[in-house]
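Remarks on the structure that follows.
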Amino acid sequence: MMNERTSPQYRLYSQKEKEILTKTVKLSEEVGELCNDILAILKLQRRAKLEKFDKRNIYEEFADVIITAMQLAITAGVDVERAVGDKIKKIEERSSKERQPKQK
């Protein structure tokens, strides 16, 4: 039985927080569906799922993950264009450093 000591110590106070949580759970669901399709492509799913699998579906699953991640970012107030641009710049800088010859 739940009581004060065993009940969760968190509360969602605003509609915004509820939206963020909902979209986070939805993203997790979409990533799971993409993972299932990848397992099917690799023939690592059980036979029943492999029989129903349509290889073309993976395109939709990738799109679902991207769209849902974008919706979550927007709801959370993330400037997606800036976030992606900053990350690409960081990757390019790291890649550039890795290509430079090491000095003795």
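Within segment 52-67, can one find any residue that is touching a residue at least 24 places away in the same chain (Cβ under 8 Å) and among the acidic types (Asp, Glu)? Yes, the conditions are met somewhere in segment 52-67.
From the residues in segment 6-34 that are hydrophobic (A, V, I, L, M, F, W, C) and over 11 Å from the mean Cα position of the chain (by Cα), which one is farthest from residue 70 (Cα to Cα)? Checked segment 6-34; the qualifying residue farthest from residue 70 (Cα to Cα) is 12. If I ask for residues that are basic (Lys, Arg) and either in contact with a helix residue (DSSP H, G or I) (Cβ under 9 Å, 6 or more places away or on another chain) or surrounded by 11 or more Cβ atoms within 10 Å (Cβ to Cβ) (or both), which ones from segment 54-104 would you list? Residue satisfying the conditions is 55 alone. Take the conditions (1) closer than 28 Å to residue 73 by Cβ; (2) of a type in the set (A, V, I, L, M, F, W, C); (3) part of a loop (DSSP other than H, G, I, E, B); (4) modelled with pLDDT of 90 or more; residue 44 misses just one of them, which is (1). Taking segment 23-37 as the search range and keeping residues that are surrounded by 13 or more Cβ atoms within 10 Å (Cβ to Cβ) and among the β-branched types (Val, Ile, Thr), which one is nearest to residue 61 (Cα to Cα)? Looking at residues that are surrounded by 13 or more Cβ atoms within 10 Å (Cβ to Cβ) and among the β-branched types (Val, Ile, Thr), I get 31.
The values are calculated or read from the model by the stated rules, or taken from the named source; none is laboratory data. Being a predicted model, the structure only gives us computed values, none of them experimental. Cβ atoms come from the backbone with ideal geometry, glycine included; neighbour counts cover every protein chain shown.
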